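The next block holds one structure in the form of structure tokens; read it before the comments.
The values are calculated or read from the model by the stated rules, or taken from the named source; none is laboratory data. Fair warning: this is a prediction, and the values are worked out from it, not measured in the lab. Glycine also receives a Cβ, built like all others from the backbone with ideal geometry; neighbour counts cover every protein chain displayed. Only protein heavy atoms, including side chains, enter the accessible area calculation; ligands, DNA and RNA are left aside. Shrake-Rupley method; radii C 1.70, N 1.55, O 1.52, S 1.80 Å.
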Amino acid sequence: MGSGKLKLAVLISGRGSNLQALIDACRDPSFPAEIRLVLSNRADAPGLARAKEAGIQTSVVDHKAYPDRSSFEKDMQKEIVESDAELIVLAGFMRVLTAEFVNLWPNRMINIHPSLLPDYKGLNTHARALADGKKEAGCTVHYVVPEMDSGPIIVQKRVPILPGDTPDILAQRVLEQEHLAYIEAVRIVARTLNKSLSS
Ligand code: GRF
């Protein structure tokens, strides 16, 4: 990367605790990435306040204001390109993206999912793992491809499922690992991109 740091656009829809973990990581001068934009599809996403607090540019592209996905995505794309971002980081972004949009960012878009993929794609991952009597749960950071919750895995972290766990208790245990996993994954992607640029 010419300027050194990998420039990120973080896309959110809600709480933004993974965003916060990345904001905190970026405070370390040796962290190989910087957040150029936080984009939300919801104006009331609490994560927007975290970005503003950290002095990061924010943008709201409200999907409800568009007649279809492609016009919504066209405006998102414009904002992201204007921010100069090189990597899109999906952090609790709750809109399905079209193949057309995903294919604009090959190996340049990553997602975090609260399960040990390929198990439990989609929603309610913790409740489903508990209902199946699993002994282990976790999270996955992966490159985004058109098929949902698929794509090459970058980092996985595991936690035990303990007696008495509820979906909420398990979600909290996994979330702590998500925050570590996302930081680790961004480091790996930054290193991978540097390598491919210098080779
Ligand atoms: C996380 O559990 C993430 O894995 C999932 O959505 C949740 C977002 O949480 N995709 P937060 O907004 O980062 O706190």
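For LEU6, what residues show an amide H to amide H distance below 5 Å, using hydrogens built from the backbone and excluding near sequence neighbours?
Residues meeting the amide H criterion: ALA33, GLU34.
For the stretch 1-42, give the percent of accessible area contributed by carbon and sulfur heavy atoms, probe 1.4 Å, rounded to a whole number. Working shown, then result.
Numbers: 680 of 1470 Å².
The C+S portion of the solvent-accessible surface of the stretch 1-42 is 46 percent.
Output ³J(HN,Hα) for the stretch 166-180: one whole-Hz value per residue in order, computed from phi by the Karplus curve 6.51 cos²θ - 1.76 cosθ + 1.60 with θ = phi - 60°, and x for Gly and Pro.
10, x, 5, 5, 5, 4, 5, 5, 5, 4, 4, 6, 4, 4, 5
With θ set to phi - 60°, apply the Karplus curve 6.51 cos²θ - 1.76 cosθ + 1.60 along the stretch 154-159 and write out the HN-Hα couplings as whole Hz, x wherever there is a Gly or Pro.
Here the 3J(HN,Hα) series is 9, 9, 10, 10, 10, 9 Hz.
Show me 63-71, 114-122 ranked by packing, highest mean number of other Cβ atoms within 10 Å first. The partial results should precede the final answer.
Details: 63-71: 11.8, 114-122: 17.3.
Top of the packing list down: 114-122, 63-71.
Past 23 Å, Cα to Cα: identify those pairs from LYS5/LYS157; LYS7/LYS74; LYS5/LYS64; LYS7/LYS52; LYS5/LYS52; LYS7/LYS157, in the order given.
Numbers: LYS5/LYS157 25 Å; LYS7/LYS74 20 Å; LYS5/LYS64 34 Å; LYS7/LYS52 17 Å; LYS5/LYS52 21 Å; LYS7/LYS157 25 Å.
Result: LYS5/LYS157; LYS5/LYS64; LYS7/LYS157 exceed 23 Å.
Under 15 Å from a point placed 7 Å out from the Cα of ASN107 along the Cα-to-Cβ direction: which residues of the stretch 1-38 have their backbone N that close?
Residues 1 qualify, since their backbone N sits under 15 Å from the label point.
What does the charge count around MET94 come to, taking other residues whose C-beta lies under 12 Å from its C-beta (Lys +1, Arg +1, Asp -1, Glu -1)?
Working: positive: ARG15, ARG42, ARG95; negative: none.
That sum, taken over residues with Cβ under 12 Å, equals +3.
To check you understand DSSP bridge types, tell me what percent of the beta bridges within the chain (both residues inside) are antiparallel, rounded to 5. Please list the in-between numbers first.
Details: 11 of 28 bridges.
For the chain, the DSSP antiparallel bridge percentage is about 40.
By the scheme Lys and Arg +1, Asp and Glu -1, what is the net charge of all other residues having a beta-carbon under 12 Å from that of LYS74? Walk me through the numbers on the way to the answer.
Details: positive: ARG69, LYS78; negative: ASP68, GLU73, ASP75, GLU79, GLU100.
With Lys, Arg at +1 and Asp, Glu at -1, the neighbours total -3.
According to the Cα gyration tensor, what semi-axes, each the square root of 5 times an eigenvalue, does the equivalent ellipsoid of the chain have, listed from largest to smallest in whole Å? Please list the in-between numbers first.
Details: eigenvalues 139, 79, 58 Å².
Value: 26, 20, 17 Å, ordered largest first.
With +1 assigned to the C-beta of every Lys and Arg and -1 to the C-beta of every Asp and Glu, and no other charges, what is the dipole magnitude of the stretch 6-198 about the Cα centre in debye, to the nearest 20? Before the final figure, lay out the partial values.
On the way: 23 positive and 24 negative charges, 44 e Å.
Computed about the Cα centre, the dipole is about 220 debye.
Stretched out fully, how many nm does the piece from ASP132 to ASP28 gain, at 0.36 nm a residue minus the Cα gap? Could the numbers behind the result be given before it?
On the way: separation 104, 0.36 × 104 = 37.44 nm, distance 4.05 nm.
Full-extension gain reported as 33.4 nm.
Could you work out [θ]222 nm for the chain from helices alone, using -39500 (n - 2.57) per DSSP H run of at least four and dividing by all its residues? Round to the nearest 500 deg cm²/dmol. Don't jump to the answer; show the numbers that get you there.
Numbers: 6 runs with 74 residues, N = 199.
About -11500 deg cm²/dmol.
Per residue, what accessible area does the stretch 6-198 have, given a 1.4 Å probe and all protein chains present, in Å²?
About 49 Å² of surface per residue is accessible.
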